[in-house]
Structure formats: C-alpha cells, structure tokens
1. Which residues, counting only those in the range 42-59, are touching a residue at least 40 places away in the same chain (Cβ under 8 Å) and touching a Lys or Arg at 6+ places or on another chain (Cβ under 6 Å)?
2. Out of the residues in the range 26-67 that are at pLDDT 90 or above and of a type in the set (Gly, Ala, Ser), which is nearest to Asn119 (Cα to Cα)?
3. How many residues, within the range 124-138, are assigned to a strand (DSSP E or B), in contact with a Phe, Trp or Tyr (Cβ under 9 Å, 6 or more places away or on another chain) and either open to solvent by 80 Å² or more (accessible area, probe 1.4 Å) or not hydrophobic (A, V, I, L, M, F, W, C) (or both)?
4. What pairs come out if I take residues in the range 88-112 that are on the phi > 0 side of the Ramachandran plot and pair them with residues that are surrounded by fewer than 21 Cβ atoms within 10 Å (Cβ to Cβ) and at pLDDT 85 or above whose C-beta lies under 8 Å away, six or more apart or interchain?
5. Being small (Gly, Ala, Ser), within 13 Å of the chain's Cα centre (by Cα) and open to solvent by less than 30 Å² (accessible area, probe 1.4 Å), is that true of even one residue in the range 8-29?
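The values are calculated or read from the model by the stated rules, or taken from the named source; none is laboratory data. All values derive from a computational prediction rather than experimental measurement. Please note: Cβ atoms are built from the backbone with ideal geometry, for glycine as well, and neighbour counts cover all protein chains shown. Side chains included, ligands, DNA and RNA excluded: accessible areas come from the protein's heavy atoms. Shrake-Rupley method; radii C 1.70, N 1.55, O 1.52, S 1.80 Å.
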Amino acid sequence: DKQTSGVLLIARTLKSSKYYGNLFESRLIDKKYLAIVHGVPSQKYGKIRFPIISEKKTFQSLTYFKTLDHNNKFAFLLLKPITGRKHQIRTHLNYIGNPICGDTKFQDKIQEDSLKINNLHLHAFILSFNEQDGKRKEFIAPIHDYFDSTIKKFNWTSSLVRDDLTFDSLENYKLID
C-alpha cells in the first residue's frame, strides 16, 4: 500500500524471495502497525474477523489491536494483522467504525477542524522473523514527521516507550463485530 509509511522487506535474490515469500504465506513474519483512528474502539484489546472481498472472492482475515492511548475524538492503536489481505487493516478499522485518519480509500467523510489530516496515519512499525540461519531479526521503522507531529499534538509519545508494544494472551482479546 503506497500510502502506508514504514518498514518494507525487499528480497535481493530469488532464493531470498522464495524464503521470505514462504514466511509470509506461513504467517511466520510478525507485523505490527501503528494507526491513529477517528473515535475510540469499543474494546481496549480486540480482534476483528471480517472477510475481505477481492475480485469476487471472499478471504477470511484477522487483525488484533490494542489501544495505546486515546482522547475523546481519536485513538492511537497498535495492530497485528494475522492474515495479509490487501487493505486489510484499513478495511477492518473502517468496518468497526474507526477509520484511519487521512484514509482516502474509504472516502473518509469525517472532518476535524482542529486537526487537518491529509496523510494516511498507518505505519508499518515493526517487522520480525527468523532469518535463514535461524537468528531472529527485527526491523523498526522510524515514524514519519507528519505522523509524529500528530502523536505529539495529543501527548501520546509515552505510548511508544512503554513495554506495551507486545501482544500477549491473544485468546483474551474480544471479538469486535
């Protein structure tokens, strides 16, 4: 998704391409995203299971999220997509009534006078996996300036320095429907 900022994994050889392709297909790559959304989700810790329809086919999809911080109009979320469907996070958040700030795909009609948002506030923050030699690799992408200024505007910077960037006990996350 070209509007999403953050980490991007690119294979330089055919062997690497096959290896990483298999990791993605087997769901062995851990992906974490940050998003700022309109409104506050009904649950602090939740999971969204909503089918994604693409080219007249329906694909099951699952995204976990946790609310890192919020005010009365916006929420700062950490997301963990389990499946990797096209526009999955954007579709899921729109489905639960919390569209991503700056999203144009869903024709986001929400306007906020105090916060002019022109850029998609979705960031591929952390990507981790086991390398071919078995070593664990983790890549963290710096947050883009426009995204960072929104975080600072709401004093949410402390949300990124806490040990709150993990997803534990996923069975306790409540299904949002």
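1. Of the residues in the range 42-59, the ones touching a residue at least 40 places away in the same chain (Cβ under 8 Å) are 42-43, 45-50.
Gln43, Tyr45, Gly46 - these are the residues of the range 42-59 that are touching a residue at least 40 places away in the same chain (Cβ under 8 Å) and touching a Lys or Arg at 6+ places or on another chain (Cβ under 6 Å).
2. Ala35
3. 4
4. Gly97/Gly39; Gly102/Asn119
5. Let us first name the residues in the range 8-29 that are small (Gly, Ala, Ser), namely 11, 16-17, 21, 26.
Those left that are additionally within 13 Å of the chain's Cα centre (by Cα): none.
Checked against the condition, which is being small (Gly, Ala, Ser), within 13 Å of the chain's Cα centre (by Cα) and open to solvent by less than 30 Å² (accessible area, probe 1.4 Å), the range 8-29 yields no hits at all.
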